[in-house]
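Peer 1: Okay, here's the structure, questions in a sec.
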Amino acid sequence: MNVREYKLKSEHGQSPKSLVWRDQELVDWVGGQVIYHLDGNVEPRRINYAYRFDNAIASASGRWALLFETLGTKGILLDQGNIVREINRSFYHASAYAFPGAFFVRPDGGEALLHCPKEYCQLDIEDLETGQCISELSERAPKDVFHGRLAISPGSSFVMSAGWVWHPADVVAVSNLRDCLNNPTKLDEIGWNNGFCDLDYDLWASFLDDNRYAVFALDQRIADAKESNDPKLKELRYAKTEEEEDEYPDAPMKVMIFDCETGQQLSSVVTEAIVGDMMPVGADYVLGLYEYPKLFELSSGRVVQSWPHITTGKHNRSISRQIPPAPRIAKDPENRRIAITQAEGTIEVLVFDEAR
């Protein structure tokens, strides 16, 4: 696969505080709406936010942005750069896992925000234009799930929560978003009776398209061995054939692919290295973001390309309190590109072209 790489210099040599794609440019909303162009031009800071915001997400249209403190309780909603209202979440274990929030497009074309403004375990849907909670029902009965790493499928058909439940243990669950809009009590089922959870594994997940999602599972003992440079890590095997995969069902590192609608597991492959956070690259690859970017072939689990000079952090689970903050990463799977801030004040951009 042909990959184009760009290195952008950030404003004043300081690493951007947030990073979001907007058409052909990158925006640091938290840093004061600084705009970075791929030709190297920078539009300077326009505003200063007098708070500890350290991350941001934006809606598909680019109109709306949510600034928040990753391990805090406070956020603000912007409409075309102007502050509209504050967004909050429960204090309960807020310092342990990232602020949950995801924008999506409703069937009527309006944009909405999925987040947890009332309780850590209750997902709600907010109309961005009015601020109304459109999931408000007296019948709501949320289960004991810490919702996190929220994601919406490319066509806004499905919602994913990759949070955790008390033991603690990671849990990944996907539900039909249209069903949740029609009946908000469906939001209370996410992660409780329709989730994937294994006490022995740390989990990370990503939509591959509007029909499939991938879950990376890492045996917690392997994660510990990685941190301690245990030589046993080198003895790990990765599957080459279906027969070998069947022979090692309890693989230490694996990517499983599921059907969004049915939840049925479609495939599983043992990976050559830790994947961690990931972004789909076309139908056949995912970019793993543990330590540095690695392009994994989904059919074999092999690393086909890597960029060890780009630092991406070591996040591989929902609870991130004891993990050093990761660089700011802006994913754009639709256009096969990703941007990653670096400590020296640069932004590394990878653009994946069609396979040759």
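Peer 1: Please work out the FRET efficiency for the pair R106 and Q24, using the Cβ-Cβ distance as r and a Förster radius of 35 Å; give the result to the nearest 0.05.
Peer 2: Details: r = 26 Å, r/R0 = 0.75.
It comes out at approximately 0.85.
Peer 1: Given a 1.4 angstrom probe, I'd like the percentage of the accessible area of segment 48-149 that is carbon and sulfur, rounded to a whole number.
Peer 2: On the way: 2130 of 4360 Å².
Roughly 49 percent, rounded to a whole number.
Peer 1: Pull up all non-local amide H partners of L298: gap of 5 or more, or a different chain, and H-to-H distance under 5 Å with H placed in the peptide plane.
Peer 2: It is Y285, V286, by chain and number.
Peer 1: Continuing with the same structure: Which residues in segment 57-91 place their backbone N less than 16 Å from a point set 7 Å from the Cα of I47 along the Cα-to-Cβ direction?
Peer 2: Under cut-off, by backbone N: 57-59, 62-69, 75-87.
Peer 1: Then there's this: Which residues' amide hydrogens lie under 5 Å from the amide hydrogen of A205, considering only partners 5 or more residues apart or on another chain, with H built in the peptide plane?
Peer 2: F216
Peer 1: How large is log10 of I(q)/I(0) for segment 1-152 at q = 0.10, 0.13, 0.19 Å⁻¹ when the intensity is taken from the Debye formula with one equal scatterer per alpha-carbon?
Peer 2: Result of the Debye calculation: -0.39, -0.64, -1.18.
Peer 1: So how do 305-315, 83-93 stack up, highest first, on mean other-Cβ count within 10 Å?
Peer 2: Values: 305-315: 17.2, 83-93: 14.6.
The densest-packed peptide leads the list: 305-315, 83-93.
Peer 1: Which value in Å is the Kirkwood Rh of segment 1-84 over different Cα pairs?
Peer 2: Values: mean 1/r = 0.0745 Å⁻¹.
The answer is 13.4 Å.
Peer 1: At E129 and I83, where each label point lies 7 Å from the Cα along Cα→Cβ, what is the point-to-point distance in nanometres?
Peer 2: 2.6 nm
Peer 1: Now a separate question. Whole-Hz Karplus ³J(HN,Hα) for segment 331-336, in order, using 6.51 cos²θ - 1.76 cosθ + 1.60 and θ = phi - 60°, x for Gly and Pro?
Peer 2: 9, 9, x, 4, 9, 6
Peer 1: Stretch E344-R63 to full length: gain in nm at 0.36 nm per residue minus the Cα-Cα span? Could you put the intermediate results ahead of the total?
Peer 2: Working: separation 281, 0.36 × 281 = 101.16 nm, distance 3.01 nm.
Using 0.36 nm per residue and subtracting the Cα-Cα distance, I get 98.1 nm.
Peer 1: Just the number please: accessible area per residue for segment 250-356, 1.4 Å probe, all protein chains included, in Å². Walk me through the intermediate numbers first.
Peer 2: Numbers: 4430 Å² over 107 residues.
For segment 250-356, the solvent-accessible area averages 41 Å² per residue.
Peer 1: As a check on your grasp of the helix formula, calculate [θ] at 222 nm for the chain: sum -39500 (n - 2.57) over DSSP H runs of n ≥ 4, divide by the residue count, round to the nearest 500.
Peer 2: For the chain, the value works out to -1500 deg cm²/dmol.
Peer 1: What are the semi-axes of the equivalent ellipsoid of segment 133-217, taken as the square roots of 5 times the eigenvalues of the Cα gyration tensor, listed largest first and rounded to whole Å?
Peer 2: Values: eigenvalues 89, 60, 13 Å².
They are 21, 17, 8 Å, listed from largest to smallest.
Peer 1: Quote to one decimal, in nm, the extra length available between E334 and S299 on full extension: 0.36 nm per residue of separation minus the C-alpha distance between them. Walk me through the intermediate numbers first.
Peer 2: On the way: separation 35, 0.36 × 35 = 12.60 nm, distance 2.07 nm.
Between E334 and S299, full extension yields an extra 10.5 nm.
Peer 1: Assuming R0 = 45 Å, what is the FRET efficiency of W166 and D39, from their Cβ-Cβ distance, to the nearest 0.05?
Peer 2: Numbers: r = 49 Å, r/R0 = 1.10.
For R0 = 45 Å, the calculated efficiency reads 0.35.
Peer 1: Obtain the radius of gyration and the Kirkwood radius of the chain from its C-alpha atoms and give Rg over Rh. Numbers along the way, then the final one.
Peer 2: Numbers: Rg = 19.7 Å, Rh = 20.8 Å.
The Rg/Rh ratio comes out at 0.95.
Peer 1: Which FRET efficiency, nearest 0.05, do E261 and C197 yield, Cβ-Cβ r, R0 22 Å? Before the final figure, lay out the partial values.
Peer 2: On the way: r = 20 Å, r/R0 = 0.91.
My answer for the efficiency is 0.65.
Peer 1: Now a separate question. Sequence gap at least 6, Cα distance under 8 Å: using those rules, report the relative contact order of segment 158-201 to the nearest whole percent.
Peer 2: On the way: 60 pairs, mean separation 17.9, N = 44.
For segment 158-201, the relative contact order is 41 percent.
Peer 1: So who's got an amide H within less than 5 Å of the one on S15, skipping anything under 5 residues away but keeping other chains? H placed 1.01 Å off N, in plane.
Peer 2: Distant-sequence amide H within range of S15: G345.
The values are calculated or read from the model by the stated rules, or taken from the named source; none is laboratory data. Computed from a predicted model, the values in this text were never measured in an experiment. For neighbour counting, all protein chains shown are included, and Cβ atoms are generated from backbone atoms with ideal geometry for every residue, glycine included. Note: areas computed on protein heavy atoms with side chains; ligands, DNA, RNA excluded. Shrake-Rupley method; radii C 1.70, N 1.55, O 1.52, S 1.80 Å.
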